[in-house]
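**Q** Let me begin by handing over the structure; questions about it come next.
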Amino acid sequence: MSNTEFPDDELRHEQEFIDGLYARVDALRGDTEASVADALAQGDKPMQARLERDILVAERSGLLAALNAVDGSLCFGRIDLTSGDSHHIGRIGLRADDADRTPILIDWRADVARPFYLATGHTPLGLRRRRHISTDGRTVTALHDEILDLGDRERTGHEDPSGDAVLLAALDAARTGRMHDIVQTIQAEQDRIIRAPHRGVLVVEGGPGTGKTAVALHRAAFLLYEHRELLAKRAVLIVGPNPAFLGYIGEVLPSLGETGVLLATVGELFPGVKATAQDTPEAAAVKGRAEMADVLAAVVRDRQALPDPVVAIEHDREILMLDEGLVAVARERTRDTKLPHNVAREHFEGHILNTLTELYAERIGTDPYDGSSLLDAADHTQIRDELAENPEVWAAIDRLWPRLTPQRLVADFLAAPEGYLDAADAAAVRRPVTRAWTVADVPLLDEAAELLGEDDRLARARAEREREQRVAYAQGVLDVSYASRTFEFEDKEEDDPEASEVLSAHDIIDAERFAERHEEDDHRSAAERAAADRTWAFGHIIVDEAQELSPMAWRLLMRRSPTRSMTLVGDPVQTAEAAGVGSWRDILEPFVGDRWEHTRLGVNYRTPAEIMELAAAVVRAEDPGFEPPSSVRSTGVKPWVREAAAGALPDAVAEAVAELTPAEGRLAVIAPRDLHRRLAARLDGVTAGEEPDLTRTVVLLDPRQAKGLEFDSVLVVEPARYGTSDLYVALTRATQRLGVLHTGRLPAGLPAA
C-alpha cells in the first residue's frame with residue numbers, strides 16, 4: 001500500500017483501489033515465477049521441457065506480456081452510472097477470486113467500457129460521471145471528473161469543466177521517440193473506427209495528427225480481443241512505410257498485452273529477402289505498375305523454350321531427335337493445365353518421356369515388312385523407365401522447361417529488360433544481377449513466386465527419407481528394449497512365472513508411432529510462422545500510409561488477405577512515392593469493386609494551429625480548395641522561416657538546433673538525404689544512417705523517413721527541394737515548435753522571413 005498523504009477522500013479511495021490492483025497483479029506474476037522456479041528445481045528434464053513449452057505459450061498468448069506491461073497506467077478511468085453502479089476502466093481486465101468471478105477492472109475494449117469514450121452531456125449513455133485517473137507509476141497524481149448528469153448536485157472538487165485536461169496534457173507531454181497507447185484519451189470519432197465491425201475493407205482517411213496510426217493499432221488490439229480464437233490462429237499483419245516507423249510504434253501493442261501481430265514493411269514480406277538497396281523514383285514507378293504482372297508472365301513463358309532447331313539425345317546407341325513441333329505439342333499440353341511453371345514441369349516431363357518412348361519404340365520395334373509394332377505395353381513401360389534414367393533426357397528437359405526460382409527469374413529480367421519494356425522504362429530498371437534487392441523488387445518476387453509455384457517433389461522425397469530414418473532409429477531403440485527385457489526376464493521366470501507377462505514398450509507401440517512422438521514440435525507463434533511463410537493468409541491486415549503503395553504491392557497484400565479483411569489508413573494529400581496509387585478507388589476497385597467503406601478523421605490532435613496554418617498554405621498554393629484537419633489547440637508559438645548563406649548552412653543548422661532543442665523530448669532535423677553527412681558532422685551525437693535511433697534527443701531524417709512520426713520540435717532544411725507532399729509531411733511533424741532554414745528560393749506558399 002502507498003504511504004502517500006492525500007488531501008481528500010477521493011484521491012485516497014482511488015489510491016487504495018490502485019494499490020489493490022497492483023497487489024493482485026504482483027501476486028499473479030509471483031505465482032507464475034514461483035511455479036516456474038519450483039518446477040525447474042525438480043531437475044526432471046521432461047518436466048522442464050513441458051514447462052518451457054507452457055511458458056512459451058503463455059508469453060505468446062499475451063498473458064504474461066499484459067502482466068509485465070502494467071507498470072504504467074493500469075487503471076485510468078472510472079464511470080459512475082445513474083443506476084448507482086461504478087466500473088473502473090483499465091488496459092487489461094481483472095476479476096475477483098470469488099465464485100462469481102466478479103469484474104474488478106474492466107478491459108477498455110469491453111462493451112461496458114464504451115461509454116467512457118462516447119458519453120457526452122447531450123448523450124450520457126447512462127453515465128452520471130466520468131473520471132480520468134492520472135498516475136505516475138503506481139501513485140495517483142490527479143483526478144479529472146466530468147459531470148454528465150447535470151441534475152446530479154454531488155461534487156468532488158476534481159471537476160474538469162472542459163473535460164479536455166487529460167487530452168491536452170497528453171498532447172503537450174514531451175515525446176520519447178516511441179509511440180504510446182491512447183487508451184486513456186481515445187476520442188469518440190476514433191472509438192467508432194476502432195470498434196467498427198470486423199468485415200471487409202475499411203478505409204480510414206485523415207490528415208496529419210488525426211491519430212490514424214494510433215487508431216489502427218488500437219483497432220488491431222480490439223479485433224484481437226473480440227475475435228481472439230480466429231486471429232490467434234491467423235495473426236494480424238501491420239504494414240508500415242519504413243523500419244524507423246515500425247520501431248516507433250513497436251511498443252504499443254505489447255503494452256496492451258497483444259503479441260499476435262506481425263509488423264513489417266512491404267520490403268520484408270518475402271521470406272529470405274531483405275530489401276536494402278534504393279531505387280530511383282523512375283525505377284520504383286516502373287516496377288510498381290500493375291502491368292508488371294503481365295510482363296513477368298511473359299518472362300516465364302519465354303523460359304518455356306523450343307529447340308533451335310532440334311535437341312539430340314543419345315540413348316542405347318540410338319540418336320533421338322526432339323524437334324520444334326514435338327516439343328511445342330508437349331509445351332501446349334502442359335500450359336493447358338493452367339498450373340504454375342514449376343508445378344507444371346512434372347506434366348512436361350511426362351509428355352517428353354512419352355514422346356521419346358514412342359520415337360525409340362518406333363526405331364527398334366517396328367516390323368520392317370508390314371510396319372506393325374513388335375513391342376507390347378510392358379516393353380513400352382520398360383523403355384520409358386530406361387529413358388527416365390538417362391542424364392541426357394533430364395539435361396534436355398532442364399533446357400526446355402527449367403526449374404526456376406523467383407530470385408533468379410526477377411534478377412535475370414532486371415539485368416536484361418529489353419524486349420519486355422520500352423527503351424526508357426528498360427533503362428530505368430536495368431541493373432546488375434548481383435545488386436541487392438530494393439523494396440520495389442519484393443512485389444515482383446512475390447508475383448514471380450505465384451507464377452512459378454513450387455515443385456515440392458524433392459522436398460517430399462527428402463521428408464520421406466528423414467521419416468524413414470526416424471522410424472528405423474525408433475525400431476532400433478525398441479529392438480534394444482525388447483532384447484534387454486527378454487534377457488532380464490529369462491533369469492526371473494524360474495522364480496516368478498508372472499514376470500514374463502509384464503508389457504514393454506515393444507508390446508504397446510510400434511516404431512512409426514514412437515518416431516512420431518519424438519518429432520520436433522513447432523512452438524512458434526502464429527506471427528512467427530506467418531513471417532516465414534509467403535503463402536500465409538492473415539486474419540486481418542492493417543496498412544499505414546496506404547496511399548503510398550504501388551499496384552504491385554497491393555497484389556502482394558491481397559494474396560495475404562483472401563478474405564479481404566483489412567483496415568487501410570492514410571491521406572492521399574501526403575502521397576509522395578512515384579508508384580503510389582493515392583486514390584482509394586483506384587487501389588481497391590481491382591480487388592473488391594465497390595465493397596469497401598470509407599471514413600474520415602477530421603481533428604488534428606498533434607499539430608498546433610500556428611504550424612498547421614503554415615503547412616496548409618503550402619498545399620493551397622497547388623490546390624486552393626484544400627482544407628486541412630482542424631487543430632484542437634494553439635500554443636501561441638509561431639513557426640519561423642530563415643535564410644542562411646549556402647556555405648554556412650551546417651553552422652546555421654547547428655545554431656537552430658541549439659535554439660529549438662526542448663528541455664525534455666525530441667527534435668528532428670528533416671533535410672535532403674545528400675546533406676545528412678555534412679549536417680551530422682556539426683551536430684553532437686547525431687549520426688547519418690538508414691535507420692535513425694528515434695530515442696535520441698536529436699535525430700536526422702529525410703521527409704520519407706519522417707512519415708508517421710512526431711517530435712516536440714522540428715527543423716526543416718531546404719524546403720524548396722521537396723515535393724509538395726513531402727514538404728507537407730515535414731512541416732506537420734512538430735507538436736510544439738517549427739523552424740525552417742533555406743539557402744535559396746522558397747516553395748510557393750511558404751512565406752519569407
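The values are calculated or read from the model by the stated rules, or taken from the named source; none is laboratory data. Small disclaimer: the values here were computed from a predicted structure and weren't measured. Because the Cβ atoms are built from the backbone with ideal geometry, glycine has one as well, and the counts that use them run over all protein chains shown. Calculation scope for accessible area: heavy atoms of the full protein, side chains included, ligands and nucleic acids excluded. Shrake-Rupley method; radii C 1.70, N 1.55, O 1.52, S 1.80 Å.
Residues are listed down the side, and each one gets a yes or a no for (1) at pLDDT 95 or above; (2) polar (S, T, N, Q); (3) open to solvent by 80 Å² or more (accessible area, probe 1.4 Å):
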site: Ala293; (1), (2), (3): yes, no, no
site: Ala297; (1), (2), (3): yes, no, no
site: Asp302; (1), (2), (3): yes, no, yes
site: Ala330; (1), (2), (3): yes, no, no
site: Asp336; (1), (2), (3): yes, no, yes
site: Ala344; (1), (2), (3): yes, no, no
site: Asn354; (1), (2), (3): yes, yes, no
site: Leu359; (1), (2), (3): no, no, no
site: Tyr369; (1), (2), (3): no, no, yes
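**Q** So which residues in the range 591-611 are open to solvent by 10 Å² or more (accessible area, probe 1.4 Å) and either under 14 Å from Pro629 (Cα atoms) or hydroxyl-bearing (Ser, Thr, Tyr) (or both), if there are any at all?
**A** The answer is Thr599, Arg600, Gly602, Val603, Tyr605, Arg606, Ala609, Glu610.
**Q** Looking only at the range 371-406, count every residue that is open to solvent by less than 60 Å² (accessible area, probe 1.4 Å), of a type in the set (A, V, I, L, M, F, W, C) and assigned to a helix (DSSP H, G or I) and tell me the total.
**A** Residues flagged as open to solvent by less than 60 Å² (accessible area, probe 1.4 Å), of a type in the set (A, V, I, L, M, F, W, C) and assigned to a helix (DSSP H, G or I) within the range 371-406 amount to 7.
**Q** Separate question: Applying the selection to the range 246-261, what residues are small (Gly, Ala, Ser) and not in a loop (DSSP other than H, G, I, E, B)?
**A** Gly247, Ser255
**Q** Hey, another quick one. Just the residues that are of a type outside the set (Phe, Trp, Tyr), under 12 Å from Arg175 (Cβ atoms) and open to solvent by less than 30 Å² (accessible area, probe 1.4 Å), please, taken from the range 699-724. Spell out how you get there, then give the answer.
**A** Our first condition is that a residue be of a type outside the set (Phe, Trp, Tyr); within the range 699-724, this holds for 699-710, 712-721, 723-724.
Those still in the list that are under 12 Å from Arg175 (Cβ atoms) too: 699, 709-710, 712-714.
Across the range 699-724, the qualifying residues are Val699, Leu709, Asp712, Ser713, Val714.
**Q** For the range 508-545, how many residues meet the condition of being assigned to a helix (DSSP H, G or I), acidic (Asp, Glu) and either at pLDDT 90 or above or open to solvent by less than 40 Å² (accessible area, probe 1.4 Å) (or both)?
**A** Adding up the residues that qualify gives 1.
**Q** The conditions are (1) open to solvent by 50 Å² or more (accessible area, probe 1.4 Å); (2) under 22 Å from Val236 (Cβ atoms); (3) among the hydroxyl-bearing types (Ser, Thr, Tyr), and Thr265 fails exactly one of them. Which is it?
**A** Here Thr265 clears every test but (1).
**Q** Going by what's in this entry, would Glu627 be described as part of a loop (DSSP other than H, G, I, E, B) and either at pLDDT 95 or above or farther than 16 Å from Ala734 by Cβ (or both)?
**A** So Glu627 fits the description; yes.
**Q** Hey, could you check the range 564-591 for residues that are at pLDDT 95 or above and among the β-branched types (Val, Ile, Thr) and say which is nearest to Ala730 (Cα to Cα)?
**A** Ranking the qualifying residues of the range 564-591, first place goes to Val569.
**Q** If you don't mind, there's one more thing I want to ask. Considering every residue within the range 75-82, establish whether at least one is part of a loop (DSSP other than H, G, I, E, B) and open to solvent by 50 Å² or more (accessible area, probe 1.4 Å).
**A** For the range 75-82, residues part of a loop (DSSP other than H, G, I, E, B) and open to solvent by 50 Å² or more (accessible area, probe 1.4 Å): present.
Listed here are the residues, each with its yes/no results for (1) farther than 24 Å from Asp279 by Cα; (2) in contact with a Ser or Thr (Cβ under 6 Å, 6 or more places away or on another chain); (3) crowded, with 17+ Cβ neighbours inside 10 Å; (4) touching a residue at least 40 places away in the same chain (Cβ under 8 Å).
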residue: Val641; (1), (2), (3), (4): yes, no, yes, yes
residue: Ala644; (1), (2), (3), (4): yes, yes, yes, yes
residue: Ala668; (1), (2), (3), (4): yes, no, yes, yes
residue: Asp693; (1), (2), (3), (4): no, no, no, yes
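**Q** Only one of these conditions is not met by Thr123: (1) of a type in the set (S, T, N, Q); (2) surrounded by 14 or more Cβ atoms within 10 Å (Cβ to Cβ); (3) under 18 Å from Asp191 (Cα atoms). Which number is it?
**A** (2)
**Q** Residues that are open to solvent by 20 Å² or more (accessible area, probe 1.4 Å), under 25 Å from Ala609 (Cα atoms) and assigned to a loop (DSSP other than H, G, I, E, B): does the range 675-683 have at least one?
**A** The answer is no, given that none of the residues of the range 675-683 is open to solvent by 20 Å² or more (accessible area, probe 1.4 Å), under 25 Å from Ala609 (Cα atoms) and assigned to a loop (DSSP other than H, G, I, E, B).
**Q** Among the residues of the range 148-166, is there at least one that is buried (at least 17 other Cβ atoms within 10 Å of the Cβ), out of contact with any strand residue (DSSP E or B) (no Cβ under 7 Å at 6 or more places or on another chain) and either in a loop (DSSP other than H, G, I, E, B) or not acidic (Asp, Glu) (or both)?
**A** no
**Q** For the structure I just gave you, tell me whether Gln190 is touching a strand residue (DSSP E or B) at 6+ places or on another chain (Cβ under 8 Å), part of a helix (DSSP H, G or I) and either β-branched (Val, Ile, Thr) or in contact (Cβ under 8 Å) with a residue 60 or more places away in the chain (or both).
**A** yes
**Q** Would a scan of the range 132-142 turn up a residue that is open to solvent by 60 Å² or more (accessible area, probe 1.4 Å) and farther than 26 Å from Asp181 by Cα?
**A** The answer is no, given that none of the residues of the range 132-142 is open to solvent by 60 Å² or more (accessible area, probe 1.4 Å) and farther than 26 Å from Asp181 by Cα.
**Q** Do we find that Ala142 is hydrophobic (A, V, I, L, M, F, W, C), at pLDDT below 90, under 24 Å from His13 (Cβ atoms) and more than 33 Å from the chain's Cα centre (by Cα) in this structure?
**A** The answer is no for Ala142.
**Q** Counting just the residues of the range 720-753 that are more than 19 Å from Gly207 (Cα to Cα) and in a helix (DSSP H, G or I), which one comes out farthest from the chain's Cα centre (by Cα)?
**A** Filtering the range 720-753 for residues that are more than 19 Å from Gly207 (Cα to Cα) and in a helix (DSSP H, G or I), the one farthest from the chain's Cα centre (by Cα) comes out as Ala720.
**Q** Working only within the range 87-113, note down all residues that are touching a residue at least 60 places away in the same chain (Cβ under 8 Å) and either in contact with a Gly (Cβ under 6 Å, 6 or more places away or on another chain) or part of a helix (DSSP H, G or I) (or both).
**A** Ile92, Leu105, Asp107
**Q** Same structure again: For Arg178, state whether it is in a loop (DSSP other than H, G, I, E, B), within 18 Å of the chain's Cα centre (by Cα) and charged (D, E, K, R).
**A** yes
**Q** Quick one: is Glu318 at pLDDT below 95, open to solvent by 20 Å² or more (accessible area, probe 1.4 Å) and of a type in the set (D, E, K, R)?
**A** The answer is yes for Glu318.
**Q** Quick one: is Thr280 open to solvent by 20 Å² or more (accessible area, probe 1.4 Å), of a type in the set (Val, Ile, Thr) and under 21 Å from Thr575 (Cα atoms)?
**A** When the stated conditions are applied, Thr280 passes them.
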